[in-house]
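The values are calculated or read from the model by the stated rules, or taken from the named source; none is laboratory data. A quick note: this is a predicted structure, and the numbers were derived from the prediction, not measured. Quick reminder, even Gly has a Cβ in these numbers, built from the backbone with ideal geometry, and neighbours come from all protein chains shown. For the accessible areas, the whole protein counts, side chains as well, though only heavy atoms, and no ligand, DNA or RNA atoms are used. Shrake-Rupley method; radii C 1.70, N 1.55, O 1.52, S 1.80 Å.
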Amino acid sequence: VQLQASGGGLVQAGRSLKLSCAASGIIFSSNNLGWYRQAPGGQRELVATITNGGMTSYADSVKGRFTISRDNARNTVALQMNSLEPEDTSVYYCYLYQVSTRSHHWGQGTLVTVSS
């Protein structure tokens, strides 16, 4: 299983950015997906998840600003981030939970930097 994240970069506060993650080597539609982030010196934290049935959940800090979505035909999961804040600066990791084997898979991370 390989997960390749992209879309990170430097953006001003209040602006938007969209992250994307492409999966290969797995039946994408059967599994749960998510995005985590880790700020410098901090712990990895959950940002958003989407189940194989399309149910979503979000960390309180991003509710109403971030939207997770999946495209099973393209084997991709996206994170639309609006109204970005400096506190959103982190390395963002896409995540896949393989339901059939109860195993966890991580992408390599993409850096998002929000300037004030």
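Considering only residues that are touching a residue at least 40 places away in the same chain (Cβ under 8 Å) and over 16 Å from Gly107 (Cα atoms), look in region 41-63 and name the one that is most open to solvent (accessible area, probe 1.4 Å). The qualifying residue most open to solvent (accessible area, probe 1.4 Å) is Asn52. In this entry, Leu46 is excluded by the filter for residues that are in contact with a Phe, Trp or Tyr (Cβ under 9 Å, 6 or more places away or on another chain) and under 18 Å from Gln2 (Cα atoms).
Can you find, within region 18-30, the residue that is nearest to Thr89 (Cα to Cα) among those that are buried (at least 20 other Cβ atoms within 10 Å of the Cβ) and modelled with pLDDT of 95 or more? Top of the filtered list is Leu19.
Filter region 73-116 for residues that are aromatic (Phe, Trp, Tyr), under 11 Å from the mean Cα position of the chain (by Cα) and open to solvent by 40 Å² or more (accessible area, probe 1.4 Å) and give the result. It would help to see each step written out before you state the result.
First, the residues of region 73-116 that are aromatic (Phe, Trp, Tyr): 92-93, 95, 97, 106.
Checking the rest, the ones that are also under 11 Å from the mean Cα position of the chain (by Cα) come to 92-93, 95, 106.
Matches in region 73-116: Trp106 only.
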